[in-house]
Amino acid sequence: MSVSRVSATRVALAGGIALSSVMLLSGTAFAHVSVQPQGEAAKGGYATVNIKVPNERDNASTVKLEVNFPLDHPLASVMPQPIPGWKAEVTKSKLSKPLELHGKKINEAVSKVTWTADGSKIGPGQFQQFPLSLGQLPEDTDELVLKAIQTYDNKEVVRWIEEQKEGAEEPQNPAPVLKLSAASADHHGGAAAPSASASAGTDEKAGHHDKAAGHEETASASSATDTTARVLGVVGILAGVAGVAFGVLAGRRRSA
């Protein structure tokens, strides 16, 4: 085999390894446990959210998920929606300071929800959503950090518990974060003030729907921008790898 062919083979091998690494890293960046509200999650109100769990392994399936709730901003009510093939268990803990809700003092709050596979699992290349009803949401914070622990059937455990620090890059295993919107009369868990007429009530509802649509469009645009940036970054790296490979090969041919 000629020197030029040996060089070309080595360059191709190096390029293939670099390409595989880039694709692996880019795939990992998109796949992590997250929490997604269905509509608004307003301070002082109630919300329905989905805990989205992707399976990151090619040779194992997810069989257990544990989501922890902060007791410094306690939630009196956390109710999981039944999911076929999964068993949900709600754990409560005593509070150092009682929580007042609807004129009553509550001495304990939900600290953890655990889903265990019971005839089902999240296989390679799949994801599962775990719906929750939450309330009453706290009014003294802008977000809730819901640390999660994902367990695979090969006994591997992935801890999604790293909190995002301001100005820093996203951690390798970020904790799911539920962003809370500003409190409003419609999201306090009580009845809204009566309108002066049916027409006024209709206008108020229409305005509310427009606001919700605006939030969804903003979130969608933000997600699309983030995805585009990641894809362009990967394309740039691949182009660089191809350029280096071409330069090395051309240099070998000239020297030969």
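In table form, for the structure just shown:
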quantity	calculated
Two-site FRET efficiency, Ser61 against Glu170, from Cβ-Cβ distance with R₀ of 25 Å, rounded to 0.05	0.45
HN-Hα J in Hz across the stretch 138-153 - Karplus 6.51, -1.76, 1.60, θ = phi - 60°, x for Gly and Pro	x, 10, 9, 8, 9, 7, 10, 8, 10, 5, 10, 10, 10, 10, 9, 6
Where Arg159, Arg57 fall by accessible area, highest first, once all protein chains stay in place (1.4 Å)	Arg159, Arg57
Entries in Lys155/Lys179; Lys87/Lys155; Lys94/Lys155; Lys43/Lys112; Lys43/Lys92; Lys112/Lys179 that, when Cα-Cα distance is taken, lie over 26 Å	Lys155/Lys179; Lys94/Lys155
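The values are calculated or read from the model by the stated rules, or taken from the named source; none is laboratory data. Computed from a prediction, not measured in an experiment: that's the story for all the values here. Backbone-built Cβ (ideal geometry, glycine too); neighbour counts: all protein chains shown. Ligands, DNA and RNA are stripped out before the accessible areas are found, and what is left, the full protein with its side chains, is counted by its heavy atoms. Shrake-Rupley method; radii C 1.70, N 1.55, O 1.52, S 1.80 Å.
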